[in-house]
Amino acid sequence: MNPDIRKPVSFAARSISALALSVALGLGISTTASADELDAKRLVKTMSEFLAAQQTLSFSYDATLEVVTPEDQILALANSGTVELQRPDKLRATRAGGFADVDMSFDGKKLTILGKNLNIYTQVEIPGSIDHLVDVMRDKYDRPLPAADLLLSNSYDALMEGVEDIKDLGSGVIGGVECDSLAFRAKDVDWQIWIAHGDKPYPCRYVITSKRVPNGPSYNIQFSNWKSGKAVAASGFEFKNTSKATAVKLEDLKGTGDLPEHFTKGESK
């Protein structure tokens, strides 16, 4: 599981209107709900196996990272981007927001992070697979990739680690696509995922909510434009410095993180 809803300025939760809350209470959704846990697990497993089976894969995304200020105000930081991967060891990801415009490329040996708006870049040797890259970027550099859990070759194991409760909420519609709506609880996070119906069970939306930070900050990512196989436009994964960007050390690559530079992360509980 990737609870990188990290240690915030404190990452914050989705708001629920009083009406929506009363409806949820009226439905009596609880740990004794009639959700078919085995079917929910099967749906996540099918999605995981489908994604892992795609040798090439690309998608676009819109994400919102919520933070909580010391005054308990909830702020949402929005960004959009794309991800393209070629298993087992090639990946390119972009992320553009109000304070950063980042292009990351990984050729199986070296990761390049380019701050396009600043025209600076850094390179880090991380030889290995996409799975290894995901772990290193999250655990060592605190720079998780977009939808990192879902990029793994066995995302099912990462997603289901520590899950204590499962709810099948039936169908939902995301971007005009009918999906299975599933909710899960673990010790440190709650998470919810919407998986497209049909023979291409792509994830349509993924939400992670921290339980370690007051006010429950969330990371919400919605996917679109999924492509696989020959439908993925061929592009290189090796960095080409066409903009004549200046090379800097990773610690000097400011203005390319998930949070603005003037934000200071607090501690989770």
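Going by the structure shown, is Asp103 modelled with pLDDT of 95 or more and assigned to a strand (DSSP E or B)? Against the criterion (modelled with pLDDT of 95 or more and assigned to a strand (DSSP E or B)), Asp103 qualifies. For Leu250, the conditions (1) at pLDDT 95 or above; (2) within 25 Å of Asp142 (Cβ to Cβ) are fulfilled apart from (1).
Of the residues making up the range 60-80, those that are in a strand (DSSP E or B) and of a type outside the set (S, T, N, Q) are Tyr61, Asp62, Ala63, Leu65, Glu66, Val67, Val68, Ile74, Leu75, Ala76, Leu77, Ala78.
Restricted to the range 140-153, and to residues that are under 23 Å from His197 (Cβ atoms) and modelled with pLDDT under 95, which residue is surrounded by the most Cβ atoms within 10 Å (Cβ to Cβ)? Only one residue fits best here, namely Asp149. Of all residues in the range 235-264, those satisfying the criterion of being in contact with a Ser or Thr (Cβ under 6 Å, 6 or more places away or on another chain) and in a loop (DSSP other than H, G, I, E, B) are Phe237, Phe239, Val248, Leu253.
Residues considered: Leu169, Leu152, Leu159. Of these, the only one that is in contact with a strand residue (DSSP E or B) (Cβ under 8 Å, 6 or more places away or on another chain) and under 27 Å from Ser105 (Cβ atoms) is Leu159. Of Trp194, Trp226, all but one fail to be in contact with a strand residue (DSSP E or B) (Cβ under 9 Å, 6 or more places away or on another chain), without any contact (Cβ under 8 Å) to a residue 40 or more places away in the chain and of a type in the set (Phe, Trp, Tyr); the exception is Trp194. Looking at the range 21-28, can you tell me whether even one residue there is more than 24 Å from Asn225 (Cβ to Cβ) and either at pLDDT 95 or above or of a type in the set (Ser, Thr, Tyr) (or both)? Looking through the range 21-28, at least one residue is more than 24 Å from Asn225 (Cβ to Cβ) and either at pLDDT 95 or above or of a type in the set (Ser, Thr, Tyr) (or both). Residue check: is Leu57 assigned to a strand (DSSP E or B) and more than 27 Å from Asn241 (Cα to Cα)? Answer is no for this residue.
Every condition in (1) crowded, with 18+ Cβ neighbours inside 10 Å; (2) modelled with pLDDT of 95 or more holds for Val173 except the one numbered (1).
When Ser60, Ser17, Ser10 are checked against the criterion of being surrounded by fewer than 18 Cβ atoms within 10 Å (Cβ to Cβ) and either at pLDDT below 95 or of a type outside the set (Ser, Thr, Tyr) (or both), Ser17 stands alone in meeting it.
Matching residues to (1) polar (S, T, N, Q); (2) surrounded by 12 or more Cβ atoms within 10 Å (Cβ to Cβ); (3) farther than 23 Å from Gly108 by Cα; (4) out of contact with any Lys or Arg (no Cβ under 7 Å at 6 or more places or on another chain):
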| site | (1), (2), (3), (4) |
| --- | --- |
| Tyr206 | no, yes, yes, yes |
| Asn215 | yes, yes, yes, yes |
| Tyr219 | no, yes, yes, yes |
| Ser228 | yes, yes, no, yes |
| Ala231 | no, no, no, yes |
| Ala234 | no, no, no, yes |
| Leu250 | no, yes, no, yes |
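The values are calculated or read from the model by the stated rules, or taken from the named source; none is laboratory data. Source: prediction; values computed, not measured. Note that each Cβ is placed from the backbone with ideal geometry, even for glycine, and that neighbours are counted across all protein chains shown.
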